[in-house]
Amino acid sequence: MPESYPARRSARRAFVVTPYILAADGKLVAELPDRCPRATATTQPRCRVAAHHQRKRKTGPEFALLVARCDAHGYAFTLYPPGYAPYRRQALVRVGPDGADMQRDETETFERSFESTLFEAAVDASQGRAWAREPGDAPGEQWWSTQGRHLNLASRIAGVAGSLSDRMREAIASVLSVDTLRLRELAQPVGYRSVGRAVCTVLGRLGGNALAFVRLLRCGHLIGHWGEPLHWDPKRHALERSPFSHPDTATPL
């Protein structure tokens with residue numbers, strides 16, 4: 001069971017991540033899965049999934065998200081693009097809506113690769129850049145209190161929060177392919193700069209790419225902050241729990 005952590009009631013619900021592809025008319029269209037989160041290998045009746053409506057968001061992806069519905073199970077669910085978790089205003093990692101890595105030039109820095117993501121707060125903290133404490137000094141929503149909340153969540157996802165149990169830290173280390181002992185060593189920070197540096201150490205091990213997003217998304221589920229991520233692979237027609245595994249070992253639904 002995930003450790004206790006303040007989260008929305010919907011954190012218990014599994015959600016689907018799917019590529020959004022650019023159509024001929026210039027709009028991004030979701031790859032529609034042929035099964036819903038309630039599907040299992042022996043599910044009866046079989047899923048009947050169809051597009052239901054578009055859901056506009058004031059924050060997050062700059063395009064409407066598709067809400068699908070399975071008539072067989074009476075279940076509606078939003079299709080999230082790679083990079084995002086439910087209700088997140090920021091992506092975890094900067095990837096394209098189709099799941100491909102963002103085009104980067106040779107001059108792109110580690111700092112730039114996490115700009116406008118959840119982990120921007122940690123990158124700034126690692127450099128001693130505290131977000132604004134006074135009205136009128138904050139660009140966008142870069143407030144000190146916001147930086148603190150983002151740092152708290154980022155440190156838990158990265159496995160370097162001191163409050164995590166050994167068992168949880170070990171599970172996160174396994175998903176991130178990071179040595180558990182190293183995470184324990186990093187989980188001793190005092191002050192926001194040290195927390196930021198610890199998070200960035202883990203991020204540097206992962207890299208800012210689509211593979212990193214999938215692993216970090218699963219860690220967010222482990223700590224109980226959102227539901228289980230299910231990833232639709234349109235090429236294999238598979239709804240998977242762990243698409244970062246080798247195709248022969250991934251867990252399909």
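Any read-out appearing in this document is the output of simple, stated calculations on the displayed coordinates, not a laboratory observation. Remember, predicted model here, so these are calculated numbers, not experimental data. Methodologically, a virtual Cβ is constructed for each residue, glycine included, from the backbone with ideal geometry; neighbour enumeration extends over all protein chains shown.
May I ask for the net charge around R55, where only other residues with Cβ less than 14 Å from the Cβ of R55 are counted and Lys, Arg are +1 while Asp, Glu are -1? So the surrounding residues net to +3. Residue-wise HN-Hα couplings along the range 228-233, as the Karplus relation 6.51 cos²θ - 1.76 cosθ + 1.60 with θ = phi - 60° gives them from phi, are 6, x, 10, 10, 8, 9 Hz; Gly and Pro carry x. Since only V67, P97, F114 are under comparison, the one whose Cα sits farthest along the positive direction of the charge dipole of the range 45-193, derived from C-beta charges on Lys, Arg, Asp and Glu, is V67. Of the GluC sites (Glu not before Pro) found in the range 124-228, those in coil by DSSP whose Cβ has at most 16 other Cβ atoms within 10 Å are E141.
Near V93, once Lys and Arg are set to +1 and Asp and Glu to -1 for all other residues with Cβ below 10 Å from its Cβ, the sum equals +1.
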